[in-house]
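The values are calculated or read from the model by the stated rules, or taken from the named source; none is laboratory data. These numbers were taken from a predicted model, which means no experiment stands behind them. Because the Cβ atoms are built from the backbone with ideal geometry, glycine has one as well, and the counts that use them run over all protein chains shown.
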């Protein structure tokens, strides 16, 4: 036994000890009991295993349930504290009030006038207007609105007229639950308004201030604006703004057009019309600022009747304009002060109070005043008016973009198109006075650009008429030859495709759809014009009396077709005209009015294609075919290592080789993808992912070229088109 290692003896020794203990236990039991019980070593093994089950496994479960999981939950609750309430942020704006009686903030009064002496005196409720500028006339209400930047935060507003001239009795009044305030300046001089917001937590915003100069009108003749502003005054004198009132007084608008008499009179012009054709048109109780109604009263002048107006045209009576007193003539035009504010203190005292603004509110005084003067209403539904492209793109870092993404930026670009450093970087949307020059009639409708676009990356070989100003911004900003340098198109390559060019062609001659060649290429006759109805324009997109007509170009011909005129229609003012929309803002309605002469009654722009171009085995609509090809090309790009960027520009990352350059095939394919896709994916106004245009626009503008560009890129990148795809030729 001594020769056996100790470790080997240990189990046997242990068994012997255990066995002895068992024997002793049995002996004791036997002395106490008369019935013996058999004992074996196996019973010792049976005793050990239950101990493992009872002790070890329940302990594991208890620790898991009682200790671990509840601790995790407690920690989570501690990490997410309730955010502390924040003070509201107030936004204050001066309201521009259009001359529209149904506007919620309308300023109205009643006037008396005579058009027909046989009928006698008439009465009308008329709506007045304000510019939204801080240079204002006395005696006319000024209205302001405050809002909370966080619209979900209920707030109350506290207003104060914190400054006013000596002797003024002006006071603040509020409406709309206290969120709109107004005051009427009654003395010439400076005024100041402030407002703050308080939320439910009792926290107050920083005060917001608005300062005003209240003055009186002097008139374009008495003010001698030409003395200092000769260039603008000379240009303005040729526009309709300068001469409309004088011409209408002698029926030199309807008369020469051969308008037939209605109820015995050719003219329809009355004193209610003059509110948009004169300066300072504020009758009692808003008179006193020296404008048209004050000039009438001062000179004791009576507006001519319809009979007198017709007689002036027919030469059976004197000229009403020539017979009018100087005071009435002085206010008888849409002159400087209508847009820039009262100027008497500026002229007489050199006061620095005049304002120039490109805001639509200035034009909407009249052009957003009624259903037949509704361009402002239409424009309000346009993406030119609102959106992130104007709110986010501004400042020195984006100066090159400001030529088309800022109001003043575009105006300064037109003035000096080659000098980027001269372009304004001020934020502002594209409104009326951005496309139309208020002072100059050098181009039709006072457009800043016509016939030929300015500074675009390709040559336009024909006259695109009124659409030239559209081409100037809605182009790719890029040269396809630079695609291999990883230079890619802007969001819109519409001008290129409408001009039958654009995209990487791989040395091929591409087919083109006829839209760019045919649509709007010549003046379009107005179907409403006839021998018996000569008071309307002879050609669409032209003025009455224009015997030649304007070339509208493709953009204007389709996007500015007459808007829906039924006020009950859900898309009233939302498509056509100055909305520029062919699709309703909510995307549910395709407005096919411009398509009718060639395609009939179009209710869906996704017209059926002639073949299966994307190889999915189906002949689909043109927009679906283009989208399908975009998807095929995208898969090819992904296979080459291109990765999508979801949050906006640059929209994708392109792989680079060892030399730091992207393969030319990838560059060219991505260039064409961007050319056709249009507005790219990103985040929508609702904060959710938005797919972008997905080629819908280019499928309409030039379907054949869009398909050809994508197919060429697919073949170059992947080696072949999808099986079954029809090649565009």
Practice prompt. Please verify whether the stretch 705-716 includes one or more residues that are touching a residue at least 24 places away in the same chain (Cβ under 8 Å) and over 30 Å from residue 517 (Cβ atoms).
Written response: no
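Residue by residue, here is whether (1) surrounded by fewer than 20 Cβ atoms within 10 Å (Cβ to Cβ); (2) at pLDDT below 95 holds:
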{"position": "66", "(1), (2)": "yes, yes"}
{"position": "69", "(1), (2)": "yes, yes"}
{"position": "80", "(1), (2)": "yes, yes"}
{"position": "87", "(1), (2)": "yes, yes"}
{"position": "103", "(1), (2)": "yes, yes"}
{"position": "127", "(1), (2)": "yes, no"}
{"position": "136", "(1), (2)": "no, no"}
{"position": "140", "(1), (2)": "no, no"}
Practice prompt. Give the residue that is nearest to the chain's Cα centre (by Cα), with candidates limited to residues of the stretch 331-345 that are crowded, with 23+ Cβ neighbours inside 10 Å and in a helix (DSSP H, G or I).
Written response: 338
Fill in: Members of the stretch 297-322 found to be free of Cβ contacts under 8 Å to residues at least 12 places away in the same chain, part of a helix (DSSP H, G or I) and surrounded by 15 or more Cβ atoms within 10 Å (Cβ to Cβ), listed by number
311
Fill in: Residue that is nearest to residue 367 (Cα to Cα) [pool: residues in the stretch 258-277 that are in contact (Cβ under 8 Å) with a residue 60 or more places away in the chain and buried (at least 16 other Cβ atoms within 10 Å of the Cβ)]
276
Fill in: Residue satisfying all of: in the stretch 220-248; within 36 Å of the chain's Cα centre (by Cα) and in a loop (DSSP other than H, G, I, E, B); nearest to residue 288 (Cα to Cα) among these
220
Worksheet item: If you check residue 446 against the conditions, is it touching a residue at least 12 places away in the same chain (Cβ under 8 Å), over 24 Å from residue 333 (Cβ atoms) and buried (at least 17 other Cβ atoms within 10 Å of the Cβ)?
Response: no
Worksheet item: In the stretch 607-641, how many are without any contact (Cβ under 8 Å) to a residue 60 or more places away in the chain, under 31 Å from the mean Cα position of the chain (by Cα) and crowded, with 17+ Cβ neighbours inside 10 Å?
Response: 3
